[in-house]
Amino acid sequence: MANFFSSRDSCPAVKNILLLDSEGKRVVVKYYSDEWPTNSAKLAFEKSLFTKTLKSNARVEEITMFDDNIVIYKFVQDLHFYVTGGDEDNELILASVLQGFFDAVALLLRNTVDKREALENLDLIYLCLDEIVDQGMILETDTSVIAGKVAIQSLDAGAPLSEQTISQALATAREHLARTLLK
Amino acid sequence: MAQPLVKKDDDRDDEAEYSPFLGIEKGAVLQEARAFNDPQLDARRCSQVITKLLYLLNQGETFTKIEATEVFFSVTKLFQSRDIGLRRMVYLMIKELSPSADEVIIVTSSLMKDMNSKTDMYRANAIRVLCRITDGTLLTQIERYLKQAIVDKNPVIASAALVSGIHLLQTNPEIVKRWSNEVQEAVQSRAALVQFHALALLHQIRQNDRLAVSKLVTSLTRGSVRSPLAQCLLIRYTSQVIRESASNTQTGDRPFYDFLESCLRHKAEMVIFEAARAITELNGVTTRELTPAITVLQLFLSSSKPVLRFAAVRTLNKVAMTHPMAVTNCNIDMESLISDQNRSIATLAITTLLKTGNESSVDRLMKQITNFMSDIADEFKIVVVDAIRSLCLKFPLKYRSLMNFLSNILREEGGFEYKKAIVDSIVILIRDIPDAKESGLLHLCEFIEDCEFSYLSTQILHFLGIEGPKTSDPSKYIRYIYNRVHLENATVRASAVSTLAKFGAMVDSLKPRIFVLLRRCLYDSDDEVRDRATLYLNTLDGEGAVVESDKDVKEFLFGSLDVPLVNLETSLKNYVPSEESFDIHSVPKEIKTQPLAEKKAPGKKPTGLDAPPSGPTSTVDAYERLLSSVPEFASFGRLFKSSAPVELTEAETEYAVNVVKHIFDRHVVFQYNCTNTIPEQLLENVTVIVDASDAEEFSEVASKPLRSLPYDSPGQTFVAFEKPEGVPAVGKFSNMLRFIVREVDPTTGEPEDDGVEDEYQLEDLEVVSADYVLKVGVSNFRNAWESMDPDNEKIDEYGLGLRENLTEAVNAVINLLGMQPCEGTEVVPSNSRSHTCLLSGVYIGDVRVLVRLQFGIDSQKEVAMKLAVRSEDIAVSEAIHDIVASG
């Protein structure tokens, strides 16, 4: 895995994706690089990154250099989204990962993007991250595809017929919403 | 007591409203996980429990081995449920738990079933989970499915298999490499991400095969790539091919440049940027090639997206280091970025402007920066300070405004690193721009009046002691220095005392006043301060018996300690108090190369312990002991230098031989270290036949054969030569290993009775000038340089011809001279156009030599060098020039 992150000529790689709250506490974090081997190293990174970016008003994707890494971030309500990559990487590719993550979360939370909603649908966010990056390799950045893959999960195969149609309807509605939002 | 408790509960209620996980506890959740074993599975409830488990892990909670195993086993039960949502959570949980090999077996069959399921979502996820937790043996079982999956028409499945392949390539390359054909097919996929993943995997499979990569690039650049991400990869691979082929094509158009240039017109911004960056990073890029890339980056500078502005300005900043003229077109856009909301962008813009700006724009720029400095963080300020320092060196006439700027920011608030950067910059300016000296010193004096960092105060005091006495009016600094004795802590007081003494030694008119001040220090509360004051009073007095002459005083005050501190420390530790006083000249001056010494340390322990306290047990000692044990060499006198081992055979040959060159005043001894790597052979009477016909000044005087050389236990044979005394004679020697081979019976280990004479050709060996120079560093090069007689200086210029970059040229000269680089000057900042390197060493005959090398490289990569040598003997200075001239 270390190999995967080291070579300049290799693929663009994501080192971590963080979702913190307005106090810098973890909502969801996912580390792909072994640059931060222990939990305390991870917490220290989150804390200093949070403090450093706190003052900026990142309504749109903002960017900073941090410890020889590039961090792209965006804040909405009480949620702070971060994507970290190596300093040799293409900033715009990392930005597309953040954008994919953020928009997919917004879709899945039906546009109520705040900490409470996120915690209540934490399973969706875990699945969402799982569909975006696999061990550092970008898996998908297209919002509707990501949200679509996660939303399929709510389609309950074992449920009784009546319930299934409801959830199916819900899924269709979500996908519809996805399309309208994207246009 | 009850009051605060209630209040706490209230707080909790508030928070509980917005976290469903408040008060969550590992023990309780693990209890809840028992629901997984229920015969009537409640899918929704199980999903919630898994979410809680994942939440705990994500918050940094850890499970013990037993807990993890328990959770894993109950999670595997959930494969019975047909609920898709729950199944997805099960996949996540398995990945998160990363089960051990014996646990993996339990889920393998369930996952393999999912992998062949009709539900595509199951298949894709099962592939990713299985590949994540699998080992080599299992992989061969599922290989067939994975190959199918790669070419599956569902892009999700194909991507899952390809990405898994990329990760598996690290651990099981031989298996993944067999999928080449399928991967190649997937590169042609219509799905964007599949194409990206397939291209990444295909390149990694072939990355060691240059030709294959080149073919891949050639075929794909003709335009079948749709995905922007894949296009970015292709650009990276293309520039890699360009880099590797660059050396072959000296003339004509660069291959693939047209492709890169066409990518600048791509519709995706990430591709445009990747291409622009690739062009700016081409080796020896020309202005014509750069222009289109700079143009698109300039457009990005005024984008509304911060990421785009940042990417563009960061790239332009790098270009400005090598091609400042190419970036000047962007200066207007760049200036508007100084007020950018994003401080990273603003800092990059400023530093770029500082690199590209011309002399007339300096003042305007400084005004803009002053406003900007107050609201950026220290780390950005340091970057700006560094840029200003190099600007000042570029335009020395502008030192006044730049020095003012530095002194202003020095007075403002700031952390240690920032202040240190400013002080360092001022010191460098004082050193390099004579006009700036007096004002710079006064700024530093004012700074130490109110400086909270002892380290900086002592550094500045030391610097003042050297530079202050040489100014037109040294007396004005005395007040600042003596204030330290009243106001500061003991460390700073002590260094203030030393500085005062230096003024006293250099400026006769101040001597009486300094004496008064130093005498006051005799009543200081700190030992060190009193000791120093006493010592200096006695040395300066002239009547004390400590030193004899004026010259000695200066030598004592200003001279540098010419022994490495590590060696001094070891010597002092080994020194046993006795009648004989400690002699600093007994400390070895050779800087030992750390890794080598460490490697050899275990083997030498026994000798190290009972060795006389003559300093660290370096390799030199070991060689000296080894050589003195040979009676033939006992008369050669003191060993001057031993070279590092030079290999005379290729790796993995029958006999491994390397040689160490030992240099004496009138002799050279070659020590051949031989190793026999054939278990079935015993070598006897091993000698090396040396042909010195290409080395006229050498004549062979002795040879010591090696009696026997059994398998895998190294032995040494020696050959000694006589050469003219003190002369750095050079020459080339060809070597032939001659020995008697006796076959060894592998079963008994007994050698056969009769042996056969045999020979083995070794590579040639050269004695070069560098062998006559010892690597000996100095702690303060400038002081050492100035203490040498300028009459013994020789300066000349040399052209070094075409070189790849300055680093290569610098290393070549260092290796040629075999001297010790000082003060880290052997490191050349990337892309610099000029560089100064300082070297120090001891020439044969124990003559100290200092070398100052100044390199410059022009746009055609032609390197010129100015070589200045000072030494204790003019003949040696000339000899060094001869080495360079003939090298």
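Some notes on this structure:
To keep it simple, each residue is scored yes or no on (1) basic (Lys, Arg); (2) assigned to a loop (DSSP other than H, G, I, E, B); (3) farther than 29 Å from residue B:820 by Cβ.
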residue: B:739; (1), (2), (3): no, no, yes
residue: B:778; (1), (2), (3): no, yes, no
residue: B:798; (1), (2), (3): no, no, no
residue: B:801; (1), (2), (3): no, no, no
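- Qualifying residues in segment A:39-53 (those that are more than 12 Å from chain B (Cβ to nearest Cβ) and in contact with a strand residue (DSSP E or B) (Cβ under 7 Å, 6 or more places away or on another chain)) - the one surrounded by the most Cβ atoms within 10 Å (Cβ to Cβ): A:49
- Residue A:75 more than 7 Å from chain B (Cβ to nearest Cβ) and either among the acidic types (Asp, Glu) or open to solvent by less than 20 Å² (accessible area, probe 1.4 Å) (or both): no
- Residue in segment B:113-135 that is hydrophobic (A, V, I, L, M, F, W, C), away from chain A (no Cβ under 11 Å) and surrounded by fewer than 18 Cβ atoms within 10 Å (Cβ to Cβ) present: no
- Flag for residue B:78 being aliphatic (A, V, I, L, M), in contact with a Phe, Trp or Tyr (Cβ under 8 Å, 6 or more places away or on another chain) and in a helix (DSSP H, G or I): yes
- Some residue of segment A:113-122 being open to solvent by 10 Å² or more (accessible area, probe 1.4 Å), under 27 Å from residue B:379 (Cβ atoms) and either more than 10 Å from chain B (Cβ to nearest Cβ) or of a type outside the set (Gly, Ala, Ser) (or both): no
- Residues satisfying the stated conditions in segment B:152-209, i.e. out of contact with any strand residue (DSSP E or B) (no Cβ under 7 Å at 6 or more places or on another chain) and β-branched (Val, Ile, Thr): B:156, B:157, B:171, B:175, B:176, B:183, B:187, B:194, B:205
- Sole residue being among the basic types (Lys, Arg), touching a residue at least 12 places away in the same chain (Cβ under 8 Å), crowded, with 17+ Cβ neighbours inside 10 Å and away from chain A (no Cβ under 11 Å), chosen from B:277, B:309, B:314, B:254: B:254
- Selection within segment B:477-493 - open to solvent by 10 Å² or more (accessible area, probe 1.4 Å) and under 38 Å from the mean Cα position of the chain (by Cα): B:488, B:489, B:490, B:491, B:493
- Among the criteria (1) at pLDDT 80 or above; (2) in contact with a helix residue (DSSP H, G or I) (Cβ under 7 Å, 6 or more places away or on another chain), the one residue B:674 does not fulfil is (2).
- Only one of B:241, B:225 that is part of a loop (DSSP other than H, G, I, E, B) and within 24 Å of residue B:282 (Cα to Cα): B:225
- Residue check for residue B:336: open to solvent by 50 Å² or more (accessible area, probe 1.4 Å), small (Gly, Ala, Ser) and at pLDDT 85 or above: yes
- Selection within segment B:494-539 - hydrophobic (A, V, I, L, M, F, W, C), part of a helix (DSSP H, G or I) and surrounded by fewer than 14 Cβ atoms within 10 Å (Cβ to Cβ): B:516
- The criterion of at least 2 residues that are under 37 Å from the mean Cα position of the chain (by Cα) and buried (at least 23 other Cβ atoms within 10 Å of the Cβ) is met by the following helices (runs of 4 or more DSSP H) wholly inside segment B:151-220: B:155-171, B:192-206.
- Members of segment B:696-736 that are under 19 Å from residue B:657 (Cα atoms), open to solvent by 40 Å² or more (accessible area, probe 1.4 Å) and in a strand (DSSP E or B): B:703, B:704, B:707, B:708, B:711, B:716, B:732, B:736
- Of B:220, B:199, B:169, all but one fail to be closer than 23 Å to residue B:264 by Cα and within 14 Å of another protein chain (Cβ to nearest Cβ); the exception is B:199.
- Some residue of segment B:676-692 being within 38 Å of the chain's Cα centre (by Cα) and buried (at least 19 other Cβ atoms within 10 Å of the Cβ): yes
The values are calculated or read from the model by the stated rules, or taken from the named source; none is laboratory data. Remember, predicted model here, so these are calculated numbers, not experimental data. A quick note on method: Cβ atoms are made from the backbone with ideal geometry, for glycine too, and the neighbour counts reach across all protein chains shown. The protein model used for the area step is the full one, side chains on, heavy atoms only, and it has no ligands, DNA or RNA in it. Shrake-Rupley method; radii C 1.70, N 1.55, O 1.52, S 1.80 Å.
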